[in-house]
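> There's a structure below that I have some questions on.
The values are calculated or read from the model by the stated rules, or taken from the named source; none is laboratory data. Every value quoted in this text rests on a predicted model; they were computed, and no experiment measured them. Neighbour counts are summed over all protein chains in view; Cβ atoms, including those assigned to glycine, are modelled from backbone coordinates with ideal geometry.
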Amino acid sequence: MIRSRNHGFTLIEVMVAVAIVGILSFLAVYMFQTYSSKAKVSAGVSELKSISVRYDALHVGGYGNPSLADLEVTDSNRCKFSINSVLDDQVSITCELVNVFGPLAGGILTYSKSADGRWKCSANEVLASDVLPVGCKL
């Protein structure tokens with residue numbers, strides 16, 4: 001008696017493999033979007049820190065309250081910048097995120113200098129706390 005053996009996969013095995021690949025693909029896309037969002041927000045915070053250092057250098061150098069033009073700051077492909085001086089020692093520099101979509105759309109990062117001379121990072125409620133750097137949590 002000769003038995004013939006069929007070689008190959010059953011329909012159930014193929015469906016299970018496709019389901020596993022689909023789940024892994026979904027997780028990979030989600031993780032990529034999360035890391036991409038974190039990178040964009042961190043880049044905005046980095047630009048704000050750089051501007052704050054220049055602001056302090058000019059302010060100490062006698063410029064009073066330097067403007068964005070004095071700081072030689074132009075909008076970047078990540079941020080649209082603005083500066084607001086409340087009092088002589090209280091200033092805030094704002095980065096409105098541009099070229100972003102989804103959960104980052106409408107996100108605004110702010111670097112504020114208080115009367116004691118310390119800079120503090122904050123963000124509006126549009127930006128989820130999981131994409132913000134540790135120093136910028138609400």
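> Identify the residue in the range 82-105 that is in contact with a helix residue (DSSP H, G or I) (Cβ under 7 Å, 6 or more places away or on another chain) and either touching a residue at least 60 places away in the same chain (Cβ under 8 Å) or of a type in the set (F, W, Y) (or both) and, among all such residues, is farthest from T34 (Cα to Cα).
Ranking the candidates gives V100 first.
> Output the residues belonging to the range 37-85 that are in a helix (DSSP H, G or I), surrounded by 15 or more Cβ atoms within 10 Å (Cβ to Cβ) and among the aromatic types (F, W, Y).
Within the range 37-85, just Y55 meets the criteria.
> In addition: Between residues in the range 106-132 that are closer than 16 Å to L48 by Cα and residues that are assigned to a loop (DSSP other than H, G, I, E, B) and of a type in the set (A, V, I, L, M), which pairs lie under 6 Å by C-beta distance while being six or more apart or on different chains?
Going by the 6 Å Cβ cut-off, the qualifying pairs are G107/V126; G107/L127; A123/L132.
> If you don't mind, another one. Given the structure, is A105 out of contact with any Leu (no Cβ under 7 Å at 6 or more places or on another chain) and farther than 25 Å from V134 by Cβ?
Taking the combined requirement at face value, the residue does not satisfy it.
> Next up: Can you tell which of I12, I20 is loosely packed, with under 10 Cβ neighbours inside 10 Å and modelled with pLDDT of 90 or more?
Result: I12 is the single residue among I12, I20 that is loosely packed, with under 10 Cβ neighbours inside 10 Å and modelled with pLDDT of 90 or more.
> Mind listing just one residue for me: the one in the range 106-128 that is modelled with pLDDT under 85 and among the small types (G, A, S) and, of those, surrounded by the most Cβ atoms within 10 Å (Cβ to Cβ)?
S114
> Shifting gears a bit: Just wondering, is there one or more residues in the range 21-28 that are farther than 24 Å from V134 by Cα, free of Cβ contacts under 8 Å to residues at least 12 places away in the same chain, among the polar types (S, T, N, Q) and not in a helix (DSSP H, G or I)?
No: the range 21-28 contains no residue that is farther than 24 Å from V134 by Cα, free of Cβ contacts under 8 Å to residues at least 12 places away in the same chain, among the polar types (S, T, N, Q) and not in a helix (DSSP H, G or I).
> So for the range 81-98 (the condition being touching a Leu at 6+ places or on another chain (Cβ under 9 Å), over 24 Å from V131 (Cα atoms) and not polar (S, T, N, Q)), does at least one residue qualify?
No, every residue in the range 81-98 fails to be touching a Leu at 6+ places or on another chain (Cβ under 9 Å), over 24 Å from V131 (Cα atoms) and not polar (S, T, N, Q).
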